[in-house]
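Each remark here refers to the structure printed beneath this line.
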Amino acid sequence: MPMAQRTRDGVRVVTAPGQVLVDQGPQFRLLAVLQVGAGLVTFAFGVLQLNLESQHEVEIVLGLLWLVLAAITWVLAPRRNWGIDVSLAGSAILLGAAGVVTVDASVAVFNGLGMILLGVFAAHALPLARVLVFLAISAGAFVSGVAVSGVIQAGWIAAGVVAMLVFSTLHVWFLVDRLREASLTDPLTGALNRHGLAVRAPAVHAVAQRAGEPTVVGLIDLDAFKEVNDLRGHAAGDALLVELVRGWSAGLRSGDQLARVGGDEFVLVLPDCDELAAESLLGRLRALSPCDWTAGIVRWEAGQDVFDAVRAADAAMYRRKHAGPGEAGGHAGGS
């Protein structure tokens, strides 16, 4: 079952096994409003043109179905991982069905523009595999509707709309993916940033919890990093940070998360890992580090916010730093 969590940074995420979806309730509600508009227009047109012709009765039914779909979108889409898929696919099918009773080429083109708008929503809300499923459903629905309608130049209209639908949807998806990835990562080191930690960490923690495995959060603070900047310059400090992250990334497991949350502070999220295993991993990272650092670790408890765990790890790190390297397990640093 998906789980919802609101972080201290105000980022609401919906977690499923191996997946994170940022809450996009406002976008879903906008889609619901557009569906209401489509329903009212379709319903009103059918009522005004009603003269016992079956196609206008179909328009009335389609208008009511748009309104039902809008209600489903408003309530369900922000709360279920698959809710937006149902809403977008339903919208595409209704547009395709509207094409069946369309005899005007301009109306068919207008329906095609609606399909393209749905593609933009899909590109913003769905991972690529589900975007491709939506494209298959929407292209099939539109082509089928136009083909049955008998609109003049139906083939050209269908080909043009489908080509623009596929191109615009995939183009927007790749742009959104690049922007989303940039918003989650530190531009200097490539590690997650604070926002990325808020989005990604709850997912790996949720997976570990479902498997009954612990998750450890560690905070690493570089020793004497200010002196590196003061004596060798900020370029040297930046190069050191990049080298550290590159080395640590090579030593971490595929499911581990590394984030830079301050100038010289990093957070590790280690799922399926207890404190003893975390200390062993820190020892391996120590051998990959060109400078000294101190780390504190805590177990991420169920129901705890990720930044509450980070603060606890920060307190553990300072206790170790003040205890000095002579404290057992107290100092983690490069040789």
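The values are calculated or read from the model by the stated rules, or taken from the named source; none is laboratory data. Model, not experiment: these values are computed from the prediction. No Cβ is skipped: glycine too gets one built from the backbone with ideal geometry, and neighbour counts run over all protein chains shown.
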**Asked** Looking at this structure, is L117 more than 16 Å from A147 (Cα to Cα), touching a helix residue (DSSP H, G or I) at 6+ places or on another chain (Cβ under 6 Å) and either in the same structural domain as I137 (by TED's automatic domain parsing) or at pLDDT 80 or above (or both)?
**Response** no
Going through (1) at pLDDT 90 or above; (2) surrounded by fewer than 16 Cβ atoms within 10 Å (Cβ to Cβ); (3) outside any helix (DSSP H, G or I) one by one, T189 fails only at (2)
Boolean, V298 is at pLDDT 95 or above, in contact with a Leu (Cβ under 8 Å, 6 or more places away or on another chain), surrounded by 15 or more Cβ atoms within 10 Å (Cβ to Cβ) and β-branched (V, I, T): no
When every residue in region 249-285 that is more than 16 Å from M317 (Cβ to Cβ) and of a type in the set (A, V, I, L, M, F, W, C) is compared, the one farthest from the chain's Cα centre (by Cα) is L276
Matching residues in region 300-317 (outside any loop (DSSP other than H, G, I, E, B), touching a residue at least 60 places away in the same chain (Cβ under 8 Å) and not acidic (D, E)) number 8
